[in-house]
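The values are calculated or read from the model by the stated rules, or taken from the named source; none is laboratory data. Nothing here was measured: the structure is a model prediction, and the numbers come from that model. Reconstructed Cβ throughout: ideal geometry from the backbone, glycine too, with neighbour counts over all protein chains shown. Side chains are part of the model used for accessible areas, which takes the heavy atoms of the whole protein and leaves out ligands, DNA and RNA. Shrake-Rupley method; radii C 1.70, N 1.55, O 1.52, S 1.80 Å.
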Amino acid sequence: MKPELTIWAVTAAEQLTNLSENPLLQRNANEFTFNVHLLHDTLWVIVKWRNKDRAAFRTAYSPDGLKVKQLTKSDDGAQVNLSSTIGEFDVDITFPDAQKTVLHYTVTFKASNNLYIPFWPKDVLMLGNKGTQVPAGDVHIRQRGIRTGVVYAAFKQPAEGSLLYFQNLTALNDYCKLTETSVSETVGGEWPEFGFSLPLTKEKPMPAGKKLTIADAFVSFSTKTPKDQFEIARQYLDHLAAIYLLLPRPDTKYQDYPDFIKRAIHDLEHNKGCWCQHSGCSYLNAYVCDYTTPPEIMVQLAVLLPVWDYMDWSGEKLPFSNQLYDNLRTFYSDELKTIKRWLPAAEDQLDESEEQKVPNTMDSWYLHHPLLNLGRMALKGDNVGKELFLNSVDFAIKVAHHFHYKWPVFYDMQSLETLKEETQPGMGGEKDVAGVYAQVMLLAYDITGKKRFLEEAEKAAQSLVQFGFDIFYQANNTTFSAKAMLRLYKETKKQQYLDLCYLHIANLFKNMAIWECNYGYGVNFPMFFGLFPLNDAPYLAVYEEQESFASMHELLVLAEGTDFLPSARLLLAEYVKYMIHRAVYYFPPMLPREMLAGETKTGEIDPKLWIALEDIYDGWEKAGAVGQEVYGAGLCFGIVPRHYIRIPGQPFMIYMDYPTGNKIVKNNTITINVLGSKELTCRVCIINTYDGNLPKISIVAGNEQDQQQLDKLSAKKLPNEFEIHGEQTIIIKWND
């Protein structure tokens, strides 16, 4: 069967069949050959795998034809200046990594007239060798919404090879500002024609005489075709990390979370819109001023556990935590022998306005998420958590067996009848719930020591193999699942579980936005490395990000001592760093009033309240249209204990924006194991917690490069701010 192609691809394929033997530029890199050719309307970069199958990359394009005005070759590529009736192009073609095969091309354009763009062809076309049919292949990942602008594609055997195409959407900001367009859904397509199309203009044209970047593409190549979902996941992470190291990345800055948490504590404790009353008990609302929805146990525990982490770290007592804790038993059903999502005494208030707002209706992940937190409480030695967890865990097992470890979206808790089987027709149910269930079973195993729970965890994990490279349902659940798979690998030494861990991690990174939006309202909210809550969600969401962030910490700590994939270590640590940098902008006081939605789906927005908004979009939509999310209030409580290190008796704290592992305090030193990758850097700050002078403090880094440069990197923004590489041990010393 012949591939389906646009007329532009058919024309291009015909032109590319018989190329001249004199390219403008030729470059060999590992087992690849790159040739640059000008063919009438397009400047092409032609890549050949082992002198066999080819791919063509469209750089400059003009329907009326192009002429080379100037060609400048250099050691790492070439710059080509071209003219046409519609304007002038500059194309910069480089090969920026000597070790890995990566192509980078940037295209800038200056229009001769104000131009509307009603169509723009994709810029990648897969080809056979001269005179041969296009080999079969698959597109495994393409951009969805405003996520990273990637296409990950591979030949099918007997042809061999794969590539990750990455369009640096950050470079498109000026174009989007001037034309009032979005980069959403601009990178995609089907084999053999895919890649990036310039956002189409409707209201405003591309202005004449303004030099704009209209493409900035990185392409990582491999001669190997991944043979299964696990190789697809590992290769995707390796490709992505290789490109990420070459990207221009936005700066981060120190955010004063100890100050933010004081504001969050005050507002959470004292603002009446955060609370509701039932039968003399106080419960957190899901959203500010949402008094129509009954209390949910997930909401209470999603805030209580981070608050406990903070109280353990700080030594403070927060009275409102007792209100949450004292009411946990009210969510237990003696009839069903399990906790319920909705407060049983208030289920009759459910208005059925949404599918899940019906008595006894359970959204599959909502049973397991509270069990995770109750299990954590039990491991801390808490008797209420242990009681509720152990009294509910057999119901969770009954449900798992009933659905054969393949959970639907909604089911009836009494009859176990499926109420909604799939998220969308043909997409299956909540696939990553099997991994969350495995994590619940591992907690039960840790609490009781009973092997039956470990066996349940393994059965659930093995059921995940059936889903392929599309396992992501909800971000925090996928991260919990990755952690469960790594734990099972360490427990059993079975390679399949480590493979499943990487599969979950890869699913997380295909649902991120590795670009910075600086058009429209986007100038007020850093988006770089944002994680989307659901596969089809059009916005970033605070609750899923905060819980994913916390689980990534635990995942990296759990990975210590294993031969964990370096690309996964690198990407996970970078997500953490950027999440801390931008998370404070979920709080309405950090945003201009005009950026906040006038109406919300649930509850109300108080612009002065330090309770995070649920939803942040790209630059052309206002934030908070879903609501102000009380169950996302764990944000600061989750960040502070993980990134601020307190030393008893000392007038300072140590802040690091990479995850850290083991910490040893001895005499006047602290030894800290910094996680992440040695190829990238993180921030270390010494934070004065008193009014007086700090003692004399020195940092000794295990990395030789850091030892040489540390003094030069100090005092960047704060008086005691340093930059060090990841994946090393540092020693901080002070004098009394």
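Using a 1.4 angstrom probe on heavy atoms only, work out the carbon and sulfur share of the accessible area of the chain in %. About 46 percent, which is the carbon plus sulfur part of the accessible surface. Here the label points at Ile731 and Lys493, each 7 Å from Cα along the C-beta direction, are separated by 3.5 nm in the simple model.
Listed by chain and number, the lysines whose alpha-carbon sits under 17 Å from that of Lys337, ignoring those within fewer than 8 places in the same chain, are Lys386, Lys398. Counting Lys and Arg as +1 and Asp and Glu as -1 over every other residue whose Cβ lies under 15 Å from the Cβ of Pro96, the net charge comes to -3. Average projection, convex hull of the Cα set of the chain: 33.3 square nanometres. Per-residue SASA remark: Thr213, around 40 Å² accessible (1.4 Å probe; ligands, DNA and RNA not included). For Asn114, the residues whose amide H sits under 5 Å from its own are Ala208, ignoring neighbours fewer than 5 places away on the same chain, with H placed 1.01 Å from N. Take His404: with every protein chain present and a 1.4 Å probe, its accessible area is about 140 Å². Ordering of 659-668, 680-689, 52-61 by packing is 52-61, 680-689, 659-668, highest average first (other Cβ atoms within 10 Å, averaged per residue). Computed per residue of the chain from DSSP H runs no shorter than four, each worth -39500 (n - 2.57), the mean residue ellipticity at 222 nm is -10000 deg cm²/dmol.
Taking the charge dipole of the stretch 555-666 about its Cα centre, with +1 at Lys and Arg Cβ atoms and -1 at Asp and Glu Cβ atoms, the residue from Ala625, Pro566, Met656 reaching farthest to the positive side is Met656.
Here the extension length gained between Met311 and Ala345 equals 9.2 nm, from 0.36 nm per residue of separation less the Cα-Cα distance. Where a ≥ b ≥ c are the square roots of the eigenvalues of the C-alpha gyration tensor, would you call the stretch 193-269 rounded, which needs a/c under 1.5, or, failing that, prolate if a/b is larger than b/c, or oblate? Judged from the Cα gyration tensor, the stretch 193-269 comes out oblate (a/c at least 1.5, b/c at or above a/b).
The phi torsions of the stretch 731-736, fed into the Karplus equation with coefficients 6.51, -1.76 and 1.60 and a -60° offset, translate into couplings of 10, 10, 10, 8, 10, 5 Hz, rounded to whole numbers, with Gly and Pro shown as x.
Other residues within the sphere of radius under 11 Å centred on the Cβ of Tyr655, judged by their own Cβ, net out at 0 (K and R +1, D and E -1). In the chain, Cα pairs under 8 Å separated by at least six residues give a relative contact order of 9 percent. Remark: the stretch 203-212, residue by residue, has Karplus-estimated 3J(HN,Hα) of 8, 10, x, 6, x, 5, x, 9, 7, 10 Hz, where x stands for each Gly or Pro and the curve is 6.51 cos²θ - 1.76 cosθ + 1.60 at θ = phi - 60°.
Per-residue surface analysis assigns Leu304 an accessible area of about 0 Å², computed on protein heavy atoms at 1.4 Å probe radius.
Simple point charges give the picture: +1 on the Cβ of Lys and Arg, -1 on the Cβ of Asp and Glu, and for the stretch 359-420 a dipole about the Cα centre of about 200 debye.
Each of Pro306, Leu388, His37 was placed along the dipole of the chain (beta-carbon charges, centred on the mean Cα), and the one lying farthest toward the positive end is His37. Bridging of Lys696 to lysines at a Cα separation below 30 Å is possible for Lys253, Lys262, Lys577, Lys663, Lys666, Lys678, Lys712, Lys716, Lys717, Lys733, once same-chain residues fewer than 8 apart are set aside.
Computed about its Cα centre, the charge dipole of the chain is approximately 1800 debye, with only Lys, Arg, Asp and Glu carrying charge at their Cβ. Taking amide H as placed 1.01 Å from N in the peptide plane, the amide H of Leu25 sits under 5 Å from that of Val36, each at least 5 places away or on another chain.
Within the stretch 312-398, the trypsin sites (Lys or Arg not before Pro) that combine a DSSP coil assignment with at most 13 other C-beta atoms in a 10 angstrom radius are Lys317, Lys337, Lys380. For Gly530, the amide hydrogen comes within under 5 Å of the amide hydrogens of Ala513, Trp515, counting only partners 5 or more places away or on other chains and with H modelled in the peptide plane.
Phi-derived couplings, Karplus 6.51 cos²θ - 1.76 cosθ + 1.60 at θ = phi - 60°, listed residue by residue for the stretch 430-436: 8, 5, 6, 5, 4, x, 5 Hz, with x used for Gly and Pro. Treating r as the C-beta distance of Phe119 and Leu534 and R0 as 35 Å, the FRET efficiency rounds to 0.65.
A 1.4 Å probe run over the protein chains yields, for the stretch 308-347, 46 Å² of accessible area per residue, whole-number rounding. The local environment of Val183, defined by Cβ-Cβ distances under 13 Å, has a net charge of -3 under the rule Lys, Arg +1 and Asp, Glu -1. Among Phe95, Leu82, Val107, whose Cα projects farthest towards the positive end of the dipole of the stretch 53-108, with charges put on the beta-carbon of Lys, Arg (+1) and Asp, Glu (-1)? Checked the options; the winner is Leu82.
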